[in-house]
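Participant: Sending over a structure as structure tokens; questions will come in a sec.
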Amino acid sequence: MKNSIGRDLPEVIEGYGQPIPYSGAFEARPAMRRQAPKVKTIHPRDQKLVDTLEAVFQQIPITDGMTLSFHHHFRNGDGVVNQVLATAAALGIKNLKVALSSVFPVHETLIAYMKSGVVTALDTNYMSGPVAKAVSEGVLATPVVLRTHGGRARAIECGQLPIDVAFIAAPAADEYGNLNGVQGPAACGSLGYAFPDAEYADHVVAVTDYIAEYPLAPISIPQCLVDYVVKVDCAGDPRGIVSGTTKITKDPVGLKIAAMAAKVIEAAGLLKNGFSFQTGAGGVSLAVAHFIRQRMEQEHIVGSFALGGITGYMVDMLEKGFFKKLIDVQGFDLEAIRSIKTNPNHLEVSANFYASPFNVGCAVNRLDVVVLGATEIDVDFHVNVVTGSDGVIMGGSGGHADAAAGAKVTIVVANLLRGRLPIIVEQVLTATTPGETIDVLVTERGVAVNPQRPELLRQLLAAGLPVKEIQDLKAMAEKIAGVPRKLTTSDRVVAVVEYRDGSVIDVVRQVHQ
Amino acid sequence: MNLRRTMLFIPGNNPGMLQNGGVFGADSVILDLEDAVAPQEKDAARLLVAQALQTVDYGTSERVVRINPLDTFGAEDIQMIVPCQPDVLLVPKVEGVQDIEKVTALVAQAETAGQKPVQLIALLETAKGIALAYEIAQSKGRLTALALGAEDYTAGLGATRTKEGKEIFTARSLVINAAAAAGIQSLDTPFTDANDEAGLYQDTLTGKELGFKGKLAINPRQIDVIHGVFNPTPAVIEWAEEVVHAIRKAESEGSGVASLHGKMVDAPIVARAEYILKLARRLGLEVMQ
Amino acid sequence: MSEAGKRTVGQAGTLESNDVMITVSPGEEGSGISIELTSIVKEQYGDAIQKTVQDVVGEEKCRDIYITVVDRGALDCTIRARLLTALLRAGVVQKKEVI
């Protein structure tokens, strides 16, 4: 069958079931109630502190076939997933589903557990590194479910991703299960992606290497949700958790694209008091913030809020008065941690608040502008951020599709040629974010406006921006680089790409070796 | 009129920069075989630039190649580059009219039948070159501009290079005057701190006010700032329109002399006004008539 | 071949993005032309790169060489330039023959 953007889906996907075909960004009308979390109680004298992960496994008890969930706030410094799975393997547990909000190179150990049958299913929003490669090569018999950040919150809350045990890596905890992300050696800032897991999992285990005196302050995840607290020697490696100061790109082509994106924002009439903005932490995205900031300074504009993954650059804009608030689901660097710890205008929010489509208002809906990247974009403006030029999984939506759907204007910034590869293709290999939610593509050789946005097109033309048809930009790139040969794939589905509402926007098929 | 507000250096042995050189909107790109290329890579860069000239679309940017001096690799550069149809060669370390004559002879030899004649720009970057600026500027035929290279020049003098540039005031003026006297363009030395936007603006303005028609650029980030200085402002365009209007009116009334706001409008002022309007139209800026 | 004695290993290019590193090694008389290609865009442009290398080798009438191409997304013009440089440095092609 084909979904509404023409992607070919199997009628039944083995190990996944019958896909609900994607039918439009805002078509889904949920007719259901939220999952009711398990009702629990505790005796006033009961203790939550458990000595070892093994003891927790036995007390719950964790058995074959369960779903264990994790967040990715420790990014490439995470030590918790590996320790929990090592425990499962040592206890001889099989057939686990791992619901980890993002998978990083540090999680390479997963591959061995997949091969030995400890882990047989994976549910995630983003994956890079060896696990992504192994999945692409078919290490799992059942396809991975790839969600958006908002979609994961939705799936947990609506009972489509039931969690038996949530292991929450906590930089700081007290012995009664209050948690925060801003203290201790593994401080990571916001714990936003762990909130739905803490609220909806049958069992919640905090894993920490820093136990503070009761009651912990501040509290991000409260004691009333947490069943157990396990102290381990080391929950994560700070060097992999936080990055250094994120620098604006020095690449002249990237800067040219960023400057052009800033002009697009201005030409669209959005750069005024109350402006709200989201951009990535990558070099080019951050450079857009830099050019926006220059204009805000010149025109004395005060924005409302910046959203998303927060970097030191955004913290600086908050502190210098360019934005009144930061809404933070995930922090990237030490400055972001310092700020969220001390500044009441720097808000910690859950993945649900940030981006879930099935609530009555998530933060992305309040965005004027989001600036996003792409590994491919096609002539219908559908974007791929899942698979790379070799067809191997190297990312995932994360918040990409969520922010694109919510923002008034969604801008994709990309080099027209990445190395030799044209960024614009006839049809993306994997559709992640639908074209109807993408408004403008900005490249170093011109700007293309989605034909569904005639008013925006008029504004950009009036501002004298170098607007071109997306087909013309594509032809320009192919003239320079030659027409690339299309990748061929097998029929075997290695991942199902769910849109934020749970419908299937595409599948990832294994590439021919 | 060759518009050369910005001439952007592109390192000649860097394929990524060479293929993207046209996207920054510089009036000229200078594919550099000299300072940007290590001696052992001169052969590689020469072939790469030769290929780039034949295949890369530099859009509206004029295509300039900075060759090496004739006493090193210059002759080989000319032999390979000229048949690839560059618009201009930038000749470094020019110290006398004979340098231009030698290059001219080699270029003429290397040109293919029917090829658009390759122009030359002399880069003056030594005390001797500055001292002989007017003589060099008078080289007949291919020479289209003089450019100042202040880093080597001040190093040779033993002068302290400053952001304010008082140490190059005389050299700037000599180059501007020599070029103007010979009826060719003068182009200002690059501002070498790519991170100092305010400094770049001030330095460009200083050069423009002295009479330079454009400036060399070492980083694409410098282009917008330099264009901002050299582009006529709305007030200047308006003044130029008034001047041209006044002289037309005077002419139609049979008088060769016009006045504007009580001041006489003479031929040099009319020429300047016409240049500004031409520039403004070329840049797509708002012009009334 | 008369210049066979001067033939040596020639290398040109870098492993930077958009560049290509090409190594030309002279082979035994009669060994023919062999090309070993590694590329980050092999799926999309592997055939095109092979063809470009073949074309240049043909235009320059080269014989009996082993060519290693490590491509980092170079355009055709870059591949040609780097290959010509490597051939020149290897003494496989004489200077005046180029272009």
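The values are calculated or read from the model by the stated rules, or taken from the named source; none is laboratory data. Computed from a prediction, not measured in an experiment: that's the story for all the values here. Cβ placement follows ideal geometry from the backbone for every residue including glycine, while neighbour counts extend to all protein chains displayed. Areas reflect the complete protein model, heavy atoms only, side chains present, ligands, DNA and RNA absent. Shrake-Rupley method; radii C 1.70, N 1.55, O 1.52, S 1.80 Å.
Participant: I'd like the orientation of helix A:80-90 relative to chain A: the angle between its Cα long axis and the longest Cα principal axis, in ° from 0 to 90, rounded to 10.
Facilitator: For A:80-90 against chain A, the angle is about 50 degrees.
Participant: Now for a separate question. Let me have the 222 nm mean residue ellipticity of chain B computed from DSSP H runs of 4+ only, each contributing -39500 (n - 2.57), with the sum over all residues rounded to the nearest 500.
Facilitator: The per-residue figure over chain B is -13500 deg cm²/dmol.
Participant: Let me ask another. Need one number: buried accessible surface between chains A and B, 1.4 Å probe, both sides summed, DNA, RNA and ligands left out, in Å² to 100.
Facilitator: Separately minus together, A and B give about 900 Å² buried.
Participant: Largest first, what is the accessible-area ranking of B:LEU285, B:LEU47 with a 1.4 Å probe?
Facilitator: I get B:LEU285, B:LEU47, largest accessible area first.
Participant: Pop out the carbon and sulfur fraction of the accessible area of the protein assembly as shown as a percent, whole number, probe 1.4 Å.
Facilitator: 52 percent
Participant: If you don't mind, another one. Hey, any idea what Rg/Rh is for the protein assembly as shown, computing Rh the Kirkwood way over Cα pairs?
Facilitator: 1.04
Participant: As a check on your grasp of the helix formula, calculate [θ] at 222 nm for chain A: sum -39500 (n - 2.57) over DSSP H runs of n ≥ 4, divide by the residue count, round to the nearest 500.
Facilitator: -7500 deg cm²/dmol
Participant: For helix A:470-481, report the angle its Cα long axis makes with the longest principal axis of the Cα atoms of chain A; keep it between 0 and 90° and round to the nearest 10°.
Facilitator: Tilt relative to chain A: about 90 degrees.
Participant: A further question on this structure: Please report, in debye to the nearest 20, how large the charge dipole of chain C is about its Cα centre when each Lys and Arg carries +1 at its beta carbon and each Asp and Glu carries -1 there.
Facilitator: Here the size comes out at about 320 debye.
Participant: Could I ask something else about it? For a Förster distance of 56 Å, can you work out the FRET efficiency between the beta-carbons of B:ALA271 and A:ARG366, rounded to the nearest 0.05?
Facilitator: Approximately 0.45, to the nearest 0.05.
Participant: Give a residue-ordered list of calculated ³J(HN,Hα) values for segment B:130-137 (Karplus: 6.51 cos²θ - 1.76 cosθ + 1.60, θ = phi - 60°; whole Hz; x for Gly, Pro).
Facilitator: Ordered by residue, 3J(HN,Hα) equals 5, 4, 9, 3, 5, 4, 5, 4 Hz.
Participant: A further question on this structure: Hey, what did chain B get for relative contact order, percent, Cα under 8 Å, at least 6 apart?
Facilitator: Result for chain B is 14 percent.
Participant: Mind checking which of A:GLN183, A:PRO196, A:ALA173 is farthest towards the positive end of segment A:131-223's charge dipole, using Cβ charges of +1 (Lys, Arg) and -1 (Asp, Glu) about the Cα centre?
Facilitator: In segment A:131-223, that residue is A:PRO196.
Participant: Applying the Karplus parametrisation 6.51 cos²θ - 1.76 cosθ + 1.60 with θ = phi - 60° to the phi angles of segment A:300-307, what ³J(HN,Hα) value in whole Hz is obtained for each residue in order, glycine and proline being reported as x?
Facilitator: 6, 9, 10, x, 7, 8, 10, 10
Participant: Given a 1.4 Å probe and no ligands, DNA or RNA in the count, how much accessible surface is buried by B and C, both sides, to the nearest 100 Å²?
Facilitator: About 1300 Å² of accessible surface is lost on pairing.
Participant: Farthest toward the dipole's positive end in segment A:300-397, which of A:ALA306, A:ASN345, A:GLN330, given Cβ charges of +1 (Lys, Arg) and -1 (Asp, Glu) about the Cα centre?
Facilitator: Value: A:ASN345.
Participant: Among A:GLY138, A:LEU225, A:HIS72, pick out the residue whose Cα is farthest towards the positive end of the charge dipole of segment A:49-241, where Lys and Arg carry +1 and Asp and Glu carry -1 on C-beta, about the Cα centre.
Facilitator: After comparing all options, I get A:GLY138.
Participant: Hey, if we sort B:THR144, B:THR192 by accessible area with the 1.4 Å probe, largest down, what's the order?
Facilitator: Order by accessible area, largest first: B:THR192, B:THR144.
Participant: Size of the dipole of segment A:417-513 about the Cα centre, Lys and Arg at +1 and Asp and Glu at -1 on the beta carbon, nothing else charged, in debye to 20?
Facilitator: That gives a dipole near 440 debye.
Participant: Now, a different point. Just the Cα atoms of segment A:49-241, one point each, no solvent: what log10 I(q)/I(0) does Debye give at q = 0.11 Å⁻¹?
Facilitator: Taken in order of the listed q values, log10 I(q)/I(0) reads -0.42.
Participant: Compute, for segment A:49-241, the length of the dipole vector about the Cα centre, with Cβ point charges of +1 (Lys, Arg) and -1 (Asp, Glu) only. Units Debye, rounded to 20.
Facilitator: It works out to roughly 700 debye.
Participant: While we're on this one: Spin-label point model (7 Å from Cα, Cβ direction): what's the B:ALA113 to A:MET32 distance in nm?
Facilitator: 7.9 nm
Participant: Still on this structure, please answer the following. Between A:GLU469 and A:ARG492, what FRET efficiency comes out of the Förster formula 1/(1 + (r/R0)^6) with R0 = 30 Å and r the beta carbon distance, rounded to 0.05?
Facilitator: Plugging the Cβ-Cβ distance into 1/(1 + (r/R0)^6) gives 0.25.
Participant: Quick one: what are the phi-derived ³J(HN,Hα) couplings along segment C:71-83, Karplus 6.51/-1.76/1.60 with θ = phi - 60°, whole Hz, x for glycine and proline?
Facilitator: Here the 3J(HN,Hα) series is 9, 10, x, 6, 6, 3, 5, 5, 4, 4, 4, 5, 5 Hz.
Participant: If you average the alpha carbon positions of segment A:260-307 and of segment A:211-251, how far apart do those two centres end up, in angstrom?
Facilitator: 30 Å
Participant: Sequence gap at least 6, Cα distance under 8 Å: using those rules, report the relative contact order of segment A:121-207 to the nearest whole percent.
Facilitator: With pairs under 8 Å counted, the relative contact order is 28 percent.
Participant: Calculate, axis by axis, the spread of Cα positions in segment A:294-419 along the three principal axes, and write the results as whole Å, longest axis first.
Facilitator: Ordered largest first, segment A:294-419 gives principal extents of 44, 36, 28 Å.
Participant: Moving on. Please list the equivalent ellipsoid semi-axes of chain A, computed as the square roots of five times the alpha-carbon gyration tensor eigenvalues, in descending order and whole angstrom.
Facilitator: Output for chain A: semi-axes of 37, 28, 19 Å.
Participant: Related question: Against the longest alpha carbon principal axis of chain B, how many degrees, from 0 to 90 and to the nearest 10, is the axis of helix B:197-210 turned?
Facilitator: Relative to chain B, helix B:197-210 is tipped by roughly 70 degrees.
Participant: Would you list, by chain and number, the lysines whose Cα falls below 28 Å from the Cα of C:LYS6, excluding same-chain residues fewer than 8 positions away?
Facilitator: Partners found: B:LYS42, C:LYS51, C:LYS61, C:LYS95, C:LYS96.
Participant: Taking R0 as 25 Å, what's the FRET efficiency between B:GLN85 and B:THR233 from their Cβ-Cβ distance, rounded to 0.05?
Facilitator: 0.10
Participant: A follow-up question, please. Given 20 °C and 1.002 mPa s, how large is the Stokes-Einstein diffusion coefficient of chain C in µm²/s, with Rh as the Kirkwood radius over Cα pairs?
Facilitator: Answer, rounded: 161 µm²/s.
Participant: Hey, another quick one. Nearest-5 percent of antiparallel DSSP beta bridges in chain A?
Facilitator: Close to 30 percent.
Participant: I would also like to ask the following. Taking each residue of B:31-40 in turn, how many C-beta atoms of other protein chains fall within 10 Å of its C-beta, and what is the average?
Facilitator: The shielding value for this peptide is 0.
Participant: Specify the inter-centroid distance of segment B:149-210 and segment A:51-110, based on alpha-carbon positions, in whole Å.
Facilitator: 65 Å
Participant: Leaving ligands, DNA and RNA out of it, rank A:GLU469, B:GLU274, C:GLU29 by accessible area with a 1.4 Å probe, largest first.
Facilitator: Listed by decreasing accessible area, they come as C:GLU29, A:GLU469, B:GLU274.
Participant: Given chain B, what percent of its DSSP beta bridges are antiparallel, to the nearest 5?
Facilitator: 10 percent
Participant: Quick one: of the DSSP bridges fully inside segment A:365-513, what percent are antiparallel, nearest 5?
Facilitator: Just about 60 percent of them are antiparallel.
Participant: Here's a follow-up. Identify the residues of segment A:238-277 with backbone N under 11 Å of a label point that sits 7 angstrom from the Cα of B:GLU197 along the Cα-to-Cβ direction, or state none.
Facilitator: Only A:259 pass the distance filter.
Participant: To continue, here is another question. Any idea of the total accessible area buried by the A-C contact, 1.4 Å probe, rounded to 100 Å²?
Facilitator: Its buried surface, counting both partners, is about 1100 Å².
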